[in-house]
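Participant: After the structure tokens below, expect a handful of questions from me.
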Amino acid sequence: MSDKMVILTIDGKEVSVPEGSGLLDAAKGAGADIPTLCYLEGLVPSASCGLCVVEIEGGKSLSRACVTKAIPGMKVRTTSPRVMAARRTALELLLANHPSDCLSCTRNGSCELQTMAERMGIRERRFPRTKKPMGMDVSTEGIVRDNDKCILCGRCVSVCAEVQGVSAIQFAGRGIRTRVAAFMDRGLASSSCVQCGQCSVVCPTGAITEKDETRAVWRALQSPAKTVLVQTAPAIRASLGEALGMAPGSLVTGKMVAALRKLGFNRVFDTQFTADLTIMEEGSELISRLTKGGTLPMITSCSPGWVNFIEGFYPTLLPHLSSCKSPQQMFGALAKSFYAERATIDPGSLSVVSIMPCTAKKRETQRPEMRSAWEWWKGKGHQGSSYYDVDFALTTRELARMIREAGIDLASLPEEEFDDPLGRSTGAATIFGATGGVMEAALRTVYEIVEGKTLAELEFKPLRGLHGIKEATVVLGGKEIRVAAAHSLSNARVLLDEIAAGSSPYTFIEIMSCPGGCVGGGGQPYLPTDAKRKLRTGAIYTEDRRIPIRKSHENPAITAIYKEFLGEPLGHLSHELLHTEYKERTF
Amino acid sequence: MSSTAIMKNRVPSLDEIIEARKGKAGALLGILEDAQGLEEHRYLSEDTLRRIALGTGTPLSTVYSVATFYSFFNLAPQGKHSIVVCRGTACHTRGSLELLETALARLGIDGFREDECNSITSLDAFASVRTVACFGQCALAPVVEVDGTLHSRVTVGKLASLISKLGKGGDK
Ligand code: SF4
Ligand code: SF4
Ligand code: SF4
Ligand code: FES
């Protein structure tokens with residue numbers, strides 16, 4: 001946007017805005033909040049809902065503010081009788097085909113359509129329903145689509161295509177039969193969908209939600225036969241407060257631990273412990289590939305939407321993917337083997353719940369190979385029916401709902417500490433929550449292992465921030481290597497196409513599925529903007545500086561688990577419990 | 001491969017159609033149209049849609065989106081004969097619902113839900129009945145197209161006789 005200013009009149013008030021500004025922003029300067037349902041910052045506007053209409057002097061018909069730029073001398077009215085009537089009719093037409101399910105809807109209280117109906121003072125249904133019910137898509141492990149609640153705003157379609165480069169869904173049909181559909185109107189599970197959940201964070205209604213597992217978790221918590229362990233992903237401490245009404249960027253680590261104890265979790269552990277472990281395993285894998293001539297560039301594997309993506313779209317590049325399981329899955333495997341054995345708890349009676357910023361994590365828990373602990377016990381002669389390493393993955397939003405249901409006031413809780421030993425972590429593990437963080441954490445460790453000396457500057461600034469693809473250069477073993485970090489899958493495509501073409505200059509690549517990394521994940525609070533992503537990222541880096549130890553290899557609990565249980569990184573037990581394999585996914 | 005070479009000698013294959021058109025403006029629409037023309041039962045099978053997506057580098061959902069947007073495209077095999085009833089406002093007020101019902105009854109087709117889809121084929125694949133939103137021939141309402149020929153101011157009697165003529169000449 002240029003520095004030139006444009007002067008126009010909105011509702012009789014003169015406002016001056018930078019050239020190129022849209023009318024929605026310009027109107028804010030005049031104190032007018034133009035209602036919108038389809039527009040969303042950062043996405044190409046579909047201009048489909050019709051709520052943002054305004055009257056522009058000299059124009060024959062009303063204009064949609066979301067796609068109109070401010071022009072010098074323009075005279076705009078946002079509340080003329082004509083505007084108010086058209087706006088209301090647009091909303092009433094949307095509501096005509098909308099079920100009255102608010103009382104039992106996941107979005108009750110967080111729904112833009114509901115809020116708009118309230119704001120516009122809708123008290124009756126003037127238009128009859130014309131659409132037939134379409135039913136729900138519950139085919140995937142992570143995402144539920146309910147097209148009957150869809151208002152065809154197009155946000156999900158554009159996020160999926162533009163931000164994620166997946167294009168699993170599109171509008172299908174026309175007229176009254178228009179709907180959002182995957183190929184052949186089949187369930188998302190048979191489409192290219194990677195279950196990243198980005199569509200669910202932008203949907204204005206309850207048409208796309210995570211598969212809600214809170215009831216099952218309540219049941220486990222209330223079952224006397226179960227010992228329930230919980231692990232929390234790094235990004236949760238930077239977003240749970242926001243999900244419960246605190247300011248975006250609130251850092252609530254200790255309060256979150258306290259709330260989880262109050263909910264009845266028997267042990268409160270931290271996925272950050274296994275994030276540190278991931279660095280040990282993945283760092284060792286990188287060193288081994290560098291010295292023994294393995295496939296390079298090596299690419300990180302902690303983001304399950306990303307793993308689904310490469311398995312579906314670039315299966316020939318799978319050898320580039322690190323064989324490390326994600327920290328969530330490493331945690332589950334160790335909780336039900338190492339921890340169960342130490343604590344003398346029957347692994348079959350353990351329930352592992354993870355709190356994740358992510359919907360794809362739900363699918364990850366149910367990959368058929370993710371029963372390593374059960375296999376391990378079987379190898380020791382144990383019998384009994386099989387179980388997954390992780391039983392439930394809840395999103396930040398689901399945990400927030402449980403905390404509200406229990407009547408826990410997060411903001412006023414005193415801070416508590418994670419339990420030992422699977423709750424000990426470092427600053428390096430915290431930054432897994434932001435784009436560039438896994439790479440930075442890995443470099444902090446790999447550098448010191450390879451060079452045998454202390455890193456002068458811990459913070460790799462070029463790898464931080466919301467730029468789509470970031471890169472840095474590091475000297476390792478006398479050789480300069482280039483590394484890159486990309487977030488959101490359309491950016492991942494750029495790096496993958498380079499690898500496929502044989503022109504990738506990188507040795508090590510980090511990819512996270514979602515914009516901003518986990519802080520902007522598909523299970524995070526609704527309607528993230530870059531401003532909110534930055535605030536959440538800020539909380540992550542604050543936490544990194546707050547934790548006394550900031551390098552994974554210096555975590556004493558990590559040293560201990562290698563000494564007492566695992567042996568060494570990439571050792572036999574590591575392979576059994578902490579590493580995995582990938583396979584092509586067809587759709 | 002040069003597109004003229006294909007066009008002159010023989011009916012091009014789907015792969016040739018894709019190859020000749022891909023990358024050009026409006027390619028997808030043209031390819032879908034030609035692909036439907038290749039198919040004996042005038043429809044786009046799932047396999048055809050997949051090949052087009054792959055061949056043009058278009059996401060499957062986008063190909064499906066285009067194929068379901070235009071009522072010209074069929075996603076199910078079509079009968080030997082085609083009857084298209086216009087359901088635009090003008091035709092509707094002049095009795096096109098009755099015409100639609102007549103066509104379905106005469107062809108022995110049950111269970112057509114106009115609000116759910118726009119075409120149905122008789123079980124013996126003898127004929128397909130399709131509705132369109134508007135033919136753009138409102139002055140001649142109601143209009144019905146039978147095997148590509150547009151008939152105007154159609155009455156129930158006229159439609160019945162048009163349909164019974166289809167059965168003549170050993171067609172069925
Ligand atoms: S999507 Fe919104 S308006 Fe619709 S039922 Fe749910 S809460 Fe109510
Ligand atoms: S979950 Fe992700 S990949 Fe699947 S439809 Fe939504 S945005 Fe697209
Ligand atoms: S599912 Fe949600 S985001 Fe997608 S078009 Fe419908 S209302 Fe919009
Ligand atoms: S916000 Fe402008 S049309 Fe929906």
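Participant: Which pairs turn up if I take residues in segment A:70-90 that are within 14 Å of A:Gly58 (Cα to Cα) and of a type in the set (Lys, Arg) and look for partners that are at pLDDT 95 or above and part of a helix (DSSP H, G or I) with beta carbon separation below 8 Å, at least 6 apart in sequence or on another chain?
Facilitator: The qualifying pairs are A:Arg77/A:Val83.
Participant: Can you tell me which residues in segment A:277-312 are within 20 Å of the chain's Cα centre (by Cα) and either assigned to a helix (DSSP H, G or I) or aliphatic (A, V, I, L, M) (or both)?
Facilitator: Selection gives A:Thr278, A:Ile299, A:Pro304, A:Gly305, A:Trp306, A:Val307, A:Asn308, A:Phe309, A:Ile310, A:Glu311, A:Gly312.
Participant: So, one more: Hey, B:Gly26 hits all of (1) open to solvent by 30 Å² or more (accessible area, probe 1.4 Å); (2) in contact with a helix residue (DSSP H, G or I) (Cβ under 9 Å, 6 or more places away or on another chain); (3) more than 14 Å from chain A (Cβ to nearest Cβ) but one; which does it fall short on?
Facilitator: Of the numbered conditions (1) open to solvent by 30 Å² or more (accessible area, probe 1.4 Å); (2) in contact with a helix residue (DSSP H, G or I) (Cβ under 9 Å, 6 or more places away or on another chain); (3) more than 14 Å from chain A (Cβ to nearest Cβ), the odd one out for B:Gly26 is (2).
Participant: Condition test on A:Thr559, is it of a type in the set (Val, Ile, Thr) and within 14 Å of chain B (Cβ to nearest Cβ)?
Facilitator: no
Participant: Which of the helices (runs of 4 or more DSSP H) found entirely inside segment A:488-568 contain at least 2 residues meeting this: open to solvent by less than 30 Å² (accessible area, probe 1.4 Å), hydrophobic (A, V, I, L, M, F, W, C) and not assigned by TED's automatic domain parsing to the domain that holds A:Ile355?
Facilitator: Once the helices (runs of 4 or more DSSP H) in segment A:488-568 are filtered for at least 2 residues that are open to solvent by less than 30 Å² (accessible area, probe 1.4 Å), hydrophobic (A, V, I, L, M, F, W, C) and not assigned by TED's automatic domain parsing to the domain that holds A:Ile355, nothing remains.
Participant: How many residues does segment A:74-105 contain that are open to solvent by 50 Å² or more (accessible area, probe 1.4 Å) and in a loop (DSSP other than H, G, I, E, B)?
Facilitator: Final tally of qualifying residues: 3.
Participant: In segment A:169-190, which residues are more than 7 Å from every other protein chain (Cβ to nearest Cβ), within 16 Å of A:Phe313 (Cα to Cα) and touching a strand residue (DSSP E or B) at 6+ places or on another chain (Cβ under 9 Å)?
Facilitator: Hits for segment A:169-190 are A:Leu188, A:Ala189.
Participant: Being at pLDDT 95 or above, touching a Lys or Arg at 6+ places or on another chain (Cβ under 9 Å) and away from ligand 3 (no atom under 13 Å from the Cβ) is the filter here, so list the residues in segment A:160-188 that pass it.
Facilitator: The answer is A:Gly165, A:Phe183, A:Asp185, A:Gly187.
Participant: Within segment A:178-194, identify whether any single residue is more than 20 Å from A:Arg107 (Cβ to Cβ), touching a helix residue (DSSP H, G or I) at 6+ places or on another chain (Cβ under 9 Å), within 16 Å of ligand 4 (Cβ to nearest atom) and open to solvent by 30 Å² or more (accessible area, probe 1.4 Å), and answer yes or no.
Facilitator: No, because not a single residue in segment A:178-194 is more than 20 Å from A:Arg107 (Cβ to Cβ), touching a helix residue (DSSP H, G or I) at 6+ places or on another chain (Cβ under 9 Å), within 16 Å of ligand 4 (Cβ to nearest atom) and open to solvent by 30 Å² or more (accessible area, probe 1.4 Å).
Participant: Something else: Please go through segment A:107-163 and pick out each residue that is more than 16 Å from ligand 1 (Cβ to nearest atom), under 30 Å from A:Glu364 (Cβ atoms) and open to solvent by 30 Å² or more (accessible area, probe 1.4 Å).
Facilitator: Passing the criteria: A:Val138, A:Ser139, A:Glu141, A:Ala161, A:Glu162, A:Val163.
Participant: Right, another one. Answer with yes or no whether B:Arg113 is of a type in the set (Lys, Arg), within 30 Å of B:Asp15 (Cα to Cα) and within 14 Å of another protein chain (Cβ to nearest Cβ).
Facilitator: Details: of a type in the set (Lys, Arg): yes; within 30 Å of B:Asp15 (Cα to Cα): no; within 14 Å of another protein chain (Cβ to nearest Cβ): yes.
So B:Arg113 does not fit the description; no.
Participant: Among the candidates A:Leu62, A:Leu37, single out the residue that is away from every other protein chain (no Cβ under 14 Å) and within 16 Å of ligand 1 (Cβ to nearest atom).
Facilitator: Of A:Leu62, A:Leu37, the one residue that is away from every other protein chain (no Cβ under 14 Å) and within 16 Å of ligand 1 (Cβ to nearest atom) is A:Leu37.
Participant: Go through segment A:437-454 and give me each residue that's in contact (Cβ under 8 Å) with a residue 40 or more places away in the chain and open to solvent by less than 50 Å² (accessible area, probe 1.4 Å).
Facilitator: Passing the criteria: A:Gly437, A:Val438, A:Met439, A:Ala441, A:Ala442, A:Leu443, A:Arg444, A:Thr445, A:Val446, A:Glu448.
The values are calculated or read from the model by the stated rules, or taken from the named source; none is laboratory data. All values reported here derive from a predicted model rather than from experimental measurement. Please note: Cβ atoms are built from the backbone with ideal geometry, for glycine as well, and neighbour counts cover all protein chains shown. Ligands, DNA and RNA are excluded from the accessible area calculation, which covers all protein heavy atoms including side chains. Shrake-Rupley method; radii C 1.70, N 1.55, O 1.52, S 1.80 Å.
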